[in-house]
1. Looking for something at pLDDT 95 or above and part of a loop (DSSP other than H, G, I, E, B) - is there at least one such residue anywhere in segment 60-68?
2. Could you pull out the residue among Gly15, Gly52 that is among the small types (Gly, Ala, Ser) and modelled with pLDDT of 90 or more?
3. Please identify the pairs in which a residue from segment 75-87 that is outside any strand (DSSP E or B) has its Cβ atom under 6 Å from the Cβ atom of a residue that is surrounded by fewer than 19 Cβ atoms within 10 Å (Cβ to Cβ) and polar (S, T, N, Q), counting only partners at least 6 apart or on another chain.
4. Please work out which residue is surrounded by the most Cβ atoms within 10 Å (Cβ to Cβ), limiting yourself to segment 26-78 and to residues that are over 23 Å from Ile208 (Cβ atoms) and of a type in the set (D, E, K, R).
5. What are the residue pairs meeting all of these: first residue in segment 171-189, first residue over 17 Å from His207 (Cα atoms), second residue among the β-branched types (Val, Ile, Thr) and part of a strand (DSSP E or B), Cβ atoms under 6 Å, and 6 or more apart or on different chains?
6. Please find, among Glu195, Glu242, Glu169, the residue that is in a loop (DSSP other than H, G, I, E, B), touching a Pro at 6+ places or on another chain (Cβ under 8 Å) and surrounded by fewer than 19 Cβ atoms within 10 Å (Cβ to Cβ).
7. Find the strands (runs of 3 or more DSSP E) located wholly in segment 88-164 whose residues include 1 or more that are surrounded by fewer than 17 Cβ atoms within 10 Å (Cβ to Cβ), and list them.
Amino acid sequence: MTSLYVMNKYFTSIGAALAVSCGCLAAQTNTIPNLGLGGGESDMHTHFRFQGVPTNANIVSVSTHLIVDKAATNGLNFFAVQVNFPNKTWAHGGPQVNTGKELANWGGLVNRGGGSKDYTEVNWQEDLMLIECGIDKPNTVPFKWDRNCEYILNVERGQQVQLPAGTNEHFHVTAPARTMWEWKFSITPVGPGKETFTSFLYDSADHIRSFYLWNESGYGSHSEEQHTRWSLPVYRVAGSTEDKVPTGWTRF
């Protein structure tokens with residue numbers, strides 16, 4: 001475990017080394033995963049925030065490349081792209097290791113202040129009017145993925161759909177018919193012969209307001225036991241096929 005981790009730790013290219021020292025990266029169109037998070041980095045923050053994304057951009061897709069160099073053998077390891085919608089909902093998706101089991105997650109909630117509040121202060125009768133997950137499959141499911149392999153994580157808006165009235169099977173509450181937007185998340189391996197993960201959630205918002213990349217650890221694992229390499233994300237806005245690139249990044 002390895003040469004890839006060691007190479008990333010010291011960033012063999014001059015340009016990447018400058019990016020580490022200044023905490024930002026000039027806009028570029030390549031998708032090389034060279035933005036490191038986790039053990040061995042000089043900055044041990046676990047999240048990336050991106051600069052130069054207009055606050056009024058109607059973002060309809062976000063894509064990044066990910067390589068997980070190292071994950072703890074115990075507890076939760078989660079490596080995700082998070083998108084925040086303008087209706088105070090959010091969603092995150094990515095590969096996980098939980099007590100040694102490989103998984104994938106795509107799910108979200110209403111923002112009630114962040115952290116545990118979003119999970120403990122839910123009101124499903126109201127929240128299902130804004131966001132609903134787990135219709136086609138549970139939020140977290142088994143998914144075989146490999147360390148030191150490159151994956152594309154992609155969030156993309158789909159169709160506007162009519163969800164019928166009925167009882168939510170997970171939370172056992174009834175909801176009326178709702179008009180929602182389909183948001184598809186995928187984890188696609190770079191190269192043949194590996195499985196692709198796809199899942200959907202539904203949100204009343206028609207665009208993404210902002211996005212982040214991050215590592216998460218817990219339940220006995222620690223951030224210094226993880227290491228990931230991310231590419232600078234690209235995003236698209238409504239009505240355009242052009243991939244736009246943030247002008248820089250910071251860890252937080």
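The values are calculated or read from the model by the stated rules, or taken from the named source; none is laboratory data. Quantities reported herein were computed from a predicted structural model and do not represent experimental measurements. All Cβ positions, even for glycine, are placed from backbone atoms using ideal geometry, and neighbour counts span all protein chains on display.
1. No - not one qualifying residue is present in segment 60-68.
2. Being among the small types (Gly, Ala, Ser) and modelled with pLDDT of 90 or more holds for just one of Gly15, Gly52, which is Gly52.
3. Within 6 Å, the pairs are Asn87/Ser204.
4. Applying the filter and picking the extreme gives Asp69.
5. Thr174/Thr167; Ser186/Thr198; Thr188/Ile152
6. Just one listed residue meets the conditions, Glu195.
7. Fully inside segment 88-164 and qualifying: 101-110, 140-142, 150-163.
Quick grid of which residues meet (1) among the aliphatic types (A, V, I, L, M); (2) under 19 Å from Pro233 (Cβ atoms):
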position: Lys88; (1), (2): no, no
position: Gly93; (1), (2): no, yes
position: Ala104; (1), (2): yes, yes
position: Glu121; (1), (2): no, no
position: Arg147; (1), (2): no, no
position: Val161; (1), (2): yes, no
position: Met180; (1), (2): yes, no
position: Lys184; (1), (2): no, yes
